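> Quick one: the structure is below, and I'll ask about it shortly.
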Amino acid sequence: MKMLNNVQKARLLHSLLTNEIPEFLGYLNEFTETVLNDKEHIAAGWKDQLFEVELWFELAAEAQRVIAKYPKDLYKSSAVFADQLFGGFMAMFTAHALVQYTTHGKHIDPKFKPAVELFFG
């Protein structure tokens with residue numbers, strides 16, 4: 001899997017387990033709301049990270065913009081899903097949300113968690 005970049009991994013994940021994507025996108029939207037509504041608490045606990053907390057907030061806001069701009073395309077198109085949510089720095093935020101989604105048992109398809117672990121774990 002090291003030969004694939006994040007966009008390619010996300011495209012493959014979407015293609016293989018399309019039925020799980022609507023639920024994940026709902027979770028991602030809730031996750032962005034939580035991050036943006038709890039900035040003070042998150043900032044207080046943000047220590048020894050690879051980047052500043054402001055970038056995390058910017059990525060959450062960008063994820064919200066993408067979800068609002070491409071609501072149907074994110075479900076239907078693996079290319080849109082991958083390109084918009086897993087390109088560049090956005091991949092850090094979205095991959096984290098994917099791992100949280102499966103760690104907290106929000107997924108429906110039992111194959112989704114091992115796929116996420118394989119691609120993004």
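> Which number in (1) in a helix (DSSP H, G or I); (2) without any contact (Cβ under 8 Å) to a residue 24 or more places away in the chain marks the one condition that K47 misses?
(1)
> Assuming Q49 fulfils every condition listed in (1) of a type in the set (S, T, N, Q); (2) surrounded by fewer than 13 Cβ atoms within 10 Å (Cβ to Cβ); (3) modelled with pLDDT of 95 or more apart from one, which condition is it?
In the conditions (1) of a type in the set (S, T, N, Q); (2) surrounded by fewer than 13 Cβ atoms within 10 Å (Cβ to Cβ); (3) modelled with pLDDT of 95 or more, Q49 misses (3) alone.
> Inspect region 63-79 for any residue being among the small types (G, A, S), at pLDDT 95 or above and farther than 25 Å from D109 by Cβ and give the result as yes or no.
yes
> Among the residues of region 5-27, which ones are touching a residue at least 24 places away in the same chain (Cβ under 8 Å) and more than 14 Å from F112 (Cβ to Cβ)?
Of everything in region 5-27, those that are touching a residue at least 24 places away in the same chain (Cβ under 8 Å) and more than 14 Å from F112 (Cβ to Cβ) turn out to be N6, V7, Q8, R11.
> Cβ-Cβ below 7 Å, separation at least six or inter-chain, first residue in region 56-78 and part of a helix (DSSP H, G or I), second of a type in the set (G, A, S): which pairs?
What qualifies is S78/S15.
> Taking the condition within 11 Å of the chain's Cα centre (by Cα) and surrounded by 13 or more Cβ atoms within 10 Å (Cβ to Cβ), does F24 pass? First the steps, then the outcome.
Values: within 11 Å of the chain's Cα centre (by Cα): yes; surrounded by 13 or more Cβ atoms within 10 Å (Cβ to Cβ): yes.
When the stated conditions are applied, F24 passes them.
> In addition: Taking only region 84-108 into account, find how many residues are in a helix (DSSP H, G or I) and either at positive phi or under 12 Å from the mean Cα position of the chain (by Cα) (or both).
Number satisfying all stated conditions: 15.
The values are calculated or read from the model by the stated rules, or taken from the named source; none is laboratory data. Quick caveat, the model's predicted, so the values are computed rather than measured. Cβ sites come from the backbone with ideal geometry, for glycine too, and all protein chains shown count toward neighbours.
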